[in-house]
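**Q** First the structure, which I've put down as structure tokens, then a few questions once you've had a look.
The values are calculated or read from the model by the stated rules, or taken from the named source; none is laboratory data. Since we're looking at a predicted model, the values are computed, not measured. We place every Cβ from the backbone using ideal geometry, glycine too, and count neighbours over all the protein chains shown.
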Amino acid sequence: MTNNFANQFIFLEFNNWTDYVVLLFLIVFVVQLIYYLGIFSRFAFYKRKENQVHSFEPVSVVICAKNERDNLLNFLPEFLAQDYPTFEVIVVNDHSIDDTVDVLKAYSLQFPNLKVVTVPDNDRFYGSKKFALTLGIKAAQYENILLTDADCRPTSNQWIKLMSNYPVNKSIVLGFGAYQKQSGMLNKLIRFETLFTAMQYFSFALCKMPYMGVGRNLAYKKELFFKNRGFSNHQHILSGDDDLFINEVANKTNIEIVFEKEAHTVSLPKATFSSWLKQKKRHLSTGKYYQFKHKLILGIYPFSLLLFICSFVLLVVMQTSIYLILGALVIRYLIQMLIFKKSIDKLEGKDLLLLAPFFEMFYLFFQPILLISNFVKKNSKWS
């Protein structure tokens, strides 16, 4: 029995092709550990240092709205009633054909800190969220810009305070934009992807390799925006007003993360698979425009995971080094669950923990299909 157990670990003699599969399995296993222990753990175990003294500089909140009558009715007052000394809320009405104009007129009478910007008719930029957002930022009277969407609400009246407390020499603040918890598996899939994405961009930012942010909860300096010519380098791309801009201007010294629960925003998730699919395809279409180093480091993780799974299955079928590969699988699982648990504690989503490995497998095989489909049909307008 002892000899049989020991024989499971004799695998590098390279007498046959299965030895190479075992070697591949071990290499990608180590790669996975590097990502979890070297990168994702940065956010999972991150503890913020003592809070700095808040300067309470004035803030301009910018929200783009296109046919958002109901969401503005429900959520806009929560932004206008923030506990903050000096701020304005700018809503950019982008050719809405519902009652958005009437809602904004009514709120303008009630809240003097609400400013409404209307996108002019322009065939060249019609349907471009980036154009609408640029107009909103231009209209901002304050240097500190805080962005969110019309279908979002802040989780507390401390949102502006937390998202506008820039440390010295920082010009970008990355926040977390959650999706509202609802019943159904689609909702869990959406919320898991949002959480996992946040875990990644927070972790990479802490590793001095920032690559994206989300427009549902993002802040930066107005000077930074215009110094880098805004969205001009990717104006022709439908998405990317958040991730492509941050990918372009962020560096290892100018970024800060804010993940406190009082600083989150919460959005209404897509209710149907087809609407979520359309949204997901649009988001994925921007990834190919990331800097090469970011595409490389983001691509290695799923590729190594795919090789890990395939080589594991092959070795199980061949009944080769069973104890070794099962041990590696258990180790990766336990580390993964620990990192997910610590991250979820910061971002919320306890109901997702046990399902996380299965959701990760789903996205591992599903996202390539969406990427391929983007080459077949492209969208040209935001909605």
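**Q** So which residues in the stretch 310-330 are in contact (Cβ under 8 Å) with a residue 40 or more places away in the chain and either exposed (fewer than 15 other Cβ atoms within 10 Å of the Cβ) or not assigned by TED's automatic domain parsing to the domain that holds Phe25 (or both)?
**A** Within the stretch 310-330, Met318, Ile322, Tyr323 qualify.
**Q** Residue pairs, Cβ under 8 Å, 6 or more apart or interchain, first in the stretch 203-214 and within 10 Å of Leu298 (Cβ to Cβ), second charged (D, E, K, R) and surrounded by 19 or more Cβ atoms within 10 Å (Cβ to Cβ). List them.
**A** Sorted first by the residue in the stretch 203-214, then by its partner, the pairs are Tyr211/Asp243; Met212/Asp242; Met212/Asp243.
**Q** Among the residues of the stretch 82-101, what is the count of those that are part of a strand (DSSP E or B) and under 16 Å from Asp149 (Cα atoms)?
**A** Number satisfying all stated conditions: 6.
**Q** Of the conditions (1) at pLDDT below 95; (2) under 25 Å from Ser60 (Cβ atoms); (3) out of contact with any helix residue (DSSP H, G or I) (no Cβ under 8 Å at 6 or more places or on another chain), Gly230 satisfies every one except a single condition; which number is it?
**A** Result: Gly230 fails condition (3) only.
**Q** Still on this model: Taking only the stretch 339-352 into account, find how many residues are surrounded by fewer than 16 Cβ atoms within 10 Å (Cβ to Cβ) and touching a residue at least 12 places away in the same chain (Cβ under 8 Å).
**A** 2
**Q** Now for a different question. Considering only the stretch 99-116, state which residues are under 23 Å from Val59 (Cα atoms) and either surrounded by fewer than 15 Cβ atoms within 10 Å (Cβ to Cβ) or in contact with a strand residue (DSSP E or B) (Cβ under 7 Å, 6 or more places away or on another chain) (or both).
**A** Correct list: Leu104, Lys105, Ala106, Tyr107, Ser108, Leu109, Gln110, Pro112, Asn113, Leu114, Lys115, Val116.
**Q** Still on this model: Step by step: first the residues of the stretch 26-81, then only those that are among the acidic types (Asp, Glu) and in a helix (DSSP H, G or I), then the one that is modelled with the highest pLDDT. Which residue is that?
**A** Step by step, filter the stretch 26-81, then rank; the result is Glu78.
**Q** For Arg332, state whether it is of a type in the set (D, E, K, R), assigned to a helix (DSSP H, G or I) and within 23 Å of Asn217 (Cβ to Cβ).
**A** Criteria not met by Arg332.
**Q** Check Ser171 against each of (1) buried (at least 19 other Cβ atoms within 10 Å of the Cβ); (2) more than 24 Å from Val266 (Cβ to Cβ); (3) modelled with pLDDT under 95 and name the one condition it does not meet.
**A** Checking Ser171 against (1) buried (at least 19 other Cβ atoms within 10 Å of the Cβ); (2) more than 24 Å from Val266 (Cβ to Cβ); (3) modelled with pLDDT under 95, the one that fails is (3).
**Q** For the stretch 177-281, list the strands (runs of 3 or more DSSP E) that sit wholly inside it and hold at least 1 residues that are touching a Cys at 6+ places or on another chain (Cβ under 8 Å) and surrounded by fewer than 21 Cβ atoms within 10 Å (Cβ to Cβ); which are they?
**A** Counting at least 1 such residues, we get 265-267.
**Q** Here's a follow-up. Any residue that is buried (at least 17 other Cβ atoms within 10 Å of the Cβ), within 17 Å of the chain's Cα centre (by Cα) and assigned to a loop (DSSP other than H, G, I, E, B) - is there at least one of those in the stretch 292-301?
**A** Among the residues of the stretch 292-301, not one is buried (at least 17 other Cβ atoms within 10 Å of the Cβ), within 17 Å of the chain's Cα centre (by Cα) and assigned to a loop (DSSP other than H, G, I, E, B), which makes the answer no.
**Q** Report yes if some residue within the stretch 59-73 is closer than 30 Å to Pro112 by Cβ, in contact with a His (Cβ under 9 Å, 6 or more places away or on another chain) and not β-branched (Val, Ile, Thr); otherwise report no.
**A** yes
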